[in-house]
Amino acid sequence: MPSYIPPTEEIQFLLHDVLEASAADIPGYDELDRDFTAAVLDEAGKIAAEVLAPLNATGDAEGCRLENGVVRTPEGYRDAYRQVSEGGWIGLDADPAYGGQGMPYLLNTAVGEMFVSANMAFNMYWGLTHGAMSAIHVHGSEAQKALYLPKMISGEWSGTMNLTEPQCGTDLGLIKTRAEPQGDGTYRITGTKIWISAGEHDLTENIIHLVLAKIPGGPEGTKGISLFIVPKFLPDADGNPGPRNALHCVGLEHKMGIHANATCVMSYEGATGFLVGEEHKGMRAMFTMMNEARLGVGLQGYAQGVVAYQNALAWARDRLQGRAVGAPANPQGPADPIMVHPDVRRNLMHQKSFVEGARAFTFWGAQLIDRSHRGGDAEAEALISLLTPVIKGFLTDKGFETTVLAQQTLGGTGFTRAAGLEQFVRDARITMIYEGTNGIQSLDLVGRKLPQDGGKAMRAFFEIVKGVIRENEDDAEVKAGFLDPLKAASKDLQAATMYFVEQGMKNPANALAGSYDFMHLFGHVCLGLMWARIAKAARAGLNAGTGDAARHAARLATGRYYMARQLPATALHLARITSGADTVMALPDESF
Amino acid sequence: MKVLVPVKRVIDYNVKVRVKADGTGVDLANVKMSMNPFDEIAVEEAIRLKEKGQADEIVAVSIGVKQAQETLRTALAMGADRAILIVAADDIHQDIEPLAVAKLLKAVIDEEQPGLVLAGKQAIDNDMNATGQMLAALLGWAQGTFASGLEIEGENAVVTREVDGGLQTIKVKMPAIVTVDLRLNEPRYASLPNIMKAKKKPLDEKTPADYGIDVTPRLTVVRTAEPRERQAGIKVGSVDELIAKLKDEAGVL
């Protein structure tokens, strides 16, 4: 059975030495002193390792059951949910006016990584509540906020997001679910929604569905979509769950992974719904949640990589096969541990250098969200909007790849159920698909985010890269190992951006055919940037004699690997991009 | 009733312990430190007494390096009301010996006048199992050690003790010292709101000089060594061979 070790030391280093959280000029960040975040991370880490991780494999094996319209979660999930909700973890960054703890999203992200690494399927039950809470908080009326938020923040009620229907997912303009006004301010919701995570379960006394539907007579396409609160039990004014609403879970999907999370087919049969915000403005409310939700999925991707890597490493230390080149490392034993072999080592370094860079990138993204939401910083808002599809698409592609590399480290054992690595592979796979497939992410990046405001956010990103290079050039070691490779990769990204600027108007297919490579090119530059920042902080720690010297040295060595062996992928992606769309589009449909 | 709980900052039970190269002790530099697990059980029991209405204030005390304030914050986050830190060493490798700890605790108790002291039966770093007993002797109080059960009945504490032959139940008159064993309870996880509140709970910092106690070590560490590595087992061909080996080689029969 796999194990999970909370990486609290690395998280602390990122929060305080790389991102310098408590010194950052963001409202609420002054609370984030080192001792306080250590106390929070230690406790969250204990819950992750001792409560959630042991339920990961058992929940996967058992799965969820639908019995007479009621979904039963796996053994132990109710008790674990009670511990997490009673511990106040669901409201970590929620508004204190409704019972939340009001901590920055950055801290929520750091804690979230540990919970997701320990048990992604479990974490989704309340991860979605988080998204639904945000939508109500930003777009709901005062009465709706007062009625729903306290119960959702405490975890007594959970939330869902209902977008997809059998005939449409990506193209929401095609949805058929209807919302008919009843004349009393409520609406009758009728339709079928699919792939609804946590749509029905036995963990909470009520489930608050947020449903996209069309009001008859409204505009065509996405302009006619409205957002509704449709509770499983209709609450009275005091918030006591009342009569059962006319909605049901009519089926559970049988999936490749996240078996412990109920993926439901939901049938709305004239259910009572309450409008959120204005009629026909549902898409705007949806987009509010998008940045956060997509960052959360990017986190899921690399967080599965984190736990997979930990277990691959444990295996590589213990498994004795063959002898090291040169002198044996374990002369008393029958063979050496496989981690002495350069190819096994390459595999481990690939995993380690990705997940640590990805963590830094995600935390930086969370900090930008705080800067935008808490500090009202428009530049940060534009930057995180640009980076969100990169975080989602790149980190989930590479996160999945990391779980496969970790599985590979175990050889045949990695293919067996008992080792548990194959579950990480299966669970990570969905992250590349949901919340907008990674192909959609790349189109969002190249088609929408990149050209926004004349490319202002992209220019701001290049300025940040230049700034990091400029500030650290005096350190010859950082320059050679980190800044020079970053500069070269950043040049590739600039060249690709220029290519799109030139081609965008006259031949859009060239930009669209290169969008996926652009997302990866961009992702590598972001991780290169983060490794340069980590190197700077590690060097500062070594020079000042603060922190663990061995850990600082390990960070530098891991970063050098990334810069030397992963970052050069930017040249490949650039070559693909500038080859244009011709080879992609040349084959006639009938010749496939 | 006021309950006093001494807590010690020790090497985390998950850490693989390494002996320092010079053999003077265990390497604690940049190693994860946590509250002694038996002390966590003592804190938990104190909180349960408070929840039952049998205690009204919980004071956590730690003696050691300044970083022990993190350990005290953990106790506060679990539910202790306030904390006292006695900074008795600068060097993280310096252990304060049980007798000095007992004397300092006696001085704190003279000031605080608790009705009950709940302590871990021993610390997992050096396993001395001495402080609670020494403290009882210095105070002239009753003691119940190795507690796996605790009930307060009026002026008395009824303590179930884990002894070699099974369980022994004793009644001690309070104020008393009770040292707790593993099976007394399962400590709770601190909730996030309580971790935040713990930041604002009072934590007084003192020194041994404030109490007029000398903490100079009386013991000398001669040598610290890693335990001998476990040897591979062997297969025996018959019961007779097994018995012979147990007699002649292992010398256990």
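Using a Förster radius of 45 Å, what is the FRET efficiency between residue A:415 and residue B:197 based on their Cβ-Cβ separation? Nearest 0.05, please. Display every interim value, and only then the final one.
Values: r = 49 Å, r/R0 = 1.08.
The pair residue A:415/residue B:197 has a calculated efficiency of 0.40.
R0 = 35 Å: FRET efficiency of residue A:141 with residue A:569, Cβ-based, nearest 0.05? Computed FRET efficiency for residue A:141 and residue A:569: 0.10.
The value of relative contact order for region A:8-100, using C-alpha pairs under 8 Å at least six residues apart, is 15 percent.
By DSSP, what percent of the beta bridges with both residues in the protein assembly as shown are antiparallel, rounded to the nearest 5? DSSP beta bridges in the protein assembly as shown are roughly 60 percent antiparallel. Charge tally for residue A:206 (other residues, Cβ to Cβ under 10 Å; Lys, Arg +1; Asp, Glu -1): 0.
Output the 0 to 90 degree angle, nearest 10, between the alpha-carbon long axis of helix B:98-112 and the longest principal axis computed from the alpha carbons of chain B. Approximately 20 degrees, to the nearest 10. Inter-chain Cβ neighbour count for A:98-111, averaged per residue, equals 1 (cutoff 10 Å, partner chain atoms only).
Ordering B:206, B:16, B:173 by accessible area with a probe of 1.4 Å, largest first, what comes out?
Of B:206, B:16, B:173, the descending order of accessible area is B:16, B:173, B:206.
Could you rank the peptides B:181-189, A:528-536 by their average count of other C-beta atoms within 10 Å per residue, with the highest value first? Walk me through the intermediate numbers first.
Numbers: B:181-189: 16.7, A:528-536: 24.9.
Descending packing order for the listed peptides: A:528-536, B:181-189.
The residues of region B:2-248 have, on average, 52 Å² of accessible surface per residue, using a 1.4 Å probe with all protein chains present.
Rank these residues by their accessible area, most exposed first, probe 1.4 Å: A:98, A:125, B:13. List each step's numbers first, then the result.
On the way: A:98 40, A:125 0, B:13 145 Å².
Sorted by accessible area, descending: B:13, A:98, A:125.
Take the Kirkwood radius over Cα pairs of region A:453-581, plug it into Stokes-Einstein at 20 °C and 1.002 mPa s, and you get 138 µm²/s for translational diffusion.
If the chain between residue B:231 and residue B:138 were fully stretched, how many nm would it gain, using 0.36 nm times the residue separation less the Cα-Cα distance? Please report the intermediate quantities before stating the final value.
Numbers: separation 93, 0.36 × 93 = 33.48 nm, distance 4.52 nm.
Full extension of this stretch gives 29.0 nm more.
For the pair region A:72-94 and region B:83-133, the centres of their Cα atoms are 37 angstrom apart.
Relative to the longest principal axis of the Cα atoms of chain B, the long axis of helix B:68-78 makes an angle of roughly 70 degrees. Among the protein heavy atoms, those of residue A:275 account for about 40 Å² of accessible surface (1.4 Å probe, every chain in place).
List, in the order given, every pair from A:479/B:32; A:352/B:199; A:536/B:201; A:449/A:479; B:52/B:201 whose Cα-Cα distance in the structure shown is over 27 Å. From the list (A:479/B:32; A:352/B:199; A:536/B:201; A:449/A:479; B:52/B:201), the Cα-Cα distance tops 27 Å for A:479/B:32; A:352/B:199; A:536/B:201; A:449/A:479. Could you pull out the pairs from B:8/B:103; B:103/B:206; A:145/A:193; B:66/B:106 whose alpha carbons sit more than 18 Å apart here? A:145/A:193; B:66/B:106, as the Cα separations exceed 18 Å there. Taken along the Cα-to-beta-carbon direction at a fixed 7 Å, the label points for residue A:495 and residue B:56 span 7.8 nm. A convex hull fitted to the Cα coordinates of region A:80-234 yields 123 cubic angstrom per residue. Extension gain for residue B:248-residue B:1 works out to 83.0 nm (0.36 nm per residue, less the C-alpha to C-alpha distance). In the assembled protein chains, residue A:589 presents an accessible area of approximately 130 Å² (probe radius 1.4 Å).
Could you work out, residue by residue across B:186-193, how many beta carbons of other chains sit within 10 Å of that residue's beta carbon, and then give the average as an integer? Walk me through the intermediate numbers first.
On the way: counts 0, 0, 3, 11, 8, 7, 15, 6.
Partner Cβ neighbours, averaged per residue: 6.
For peptide B:194-203, the mean count of partner chain Cβ atoms within 10 Å of a residue's Cβ comes to 3. Using the alpha-carbon positions of chain B, Rg (one decimal) and Dmax (whole number) come out as 20.8, 68 Å. Accessible area buried by the pairing of A and B, both sides summed with a 1.4 Å probe, works out to roughly 1600 Å². Between residue A:240 and residue B:210, the simple spin-label model (points 7 angstrom out along Cα→Cβ) gives 5.2 nm.
Using Cα-Cα distances under 8 Å and only pairs 6 or more residues apart, what relative contact order does chain B have, in percent?
On the way: 503 pairs, mean separation 59.0, N = 253.
So the answer I get is 23 percent.
In whole percent, and with a 1.4 Å probe on the protein chains, what portion of the accessible area of the protein assembly as shown is carbon and sulfur? Display every interim value, and only then the final one.
Values: 19230 of 36360 Å².
Answer for the protein assembly as shown: carbon and sulfur cover 53 percent of the accessible area.
Solvent exposure of residue B:40, expressed as accessible area, is near 40 Å², computed with a probe of 1.4 Å over the protein chains only.
Overall dimensions of region A:517-585, expressed as equivalent-ellipsoid semi-axes from the Cα gyration tensor (√(5λ), whole Å, largest first), are 35, 9, 6.
On full extension of the chain, what length is gained from residue A:269 through residue A:379, given 0.36 nm per residue of separation minus the C-alpha to C-alpha distance? Before the final figure, lay out each step's value.
Values: separation 110, 0.36 × 110 = 39.60 nm, distance 4.45 nm.
Result for the pair: 35.1 nm of gain on full extension.
With each label modelled as a point 7 angstrom along the Cα→C-beta vector, the residue B:93-residue A:506 pair spans 7.2 nm. Computed on chain A, with alpha-carbon pairs under 8 angstrom and 6+ residues apart, the relative contact order is 12 percent.
Centroid-to-centroid, using Cα positions, region B:1-78 and region B:167-232 are 5 Å apart.
Placing R0 at 45 angstrom, the Cβ-Cβ distance between residue A:318 and residue B:130 gives a FRET efficiency of 0.75 after rounding to 0.05. With every protein chain in place and a 1.4 angstrom probe, the accessible-area ranking of A:105, A:434, A:29, largest first, reads A:434, A:105, A:29. Shape descriptor for chain A: Rg over Rh equals 0.97 (Cα atoms; Rh from the Kirkwood inverse mean 1/r). When the Cα centres of region A:503-581 and region A:331-398 are compared, how far apart do they sit, in Å? That distance is 10 Å.
The values are calculated or read from the model by the stated rules, or taken from the named source; none is laboratory data. Model, not experiment: these values are computed from the prediction. When we count neighbours, we look across all protein chains shown, and the Cβ atoms used for this are built from the backbone with ideal geometry, even at glycine. Remember, those area values only see protein heavy atoms, side chains included, never the ligands or the DNA or RNA. Shrake-Rupley method; radii C 1.70, N 1.55, O 1.52, S 1.80 Å.
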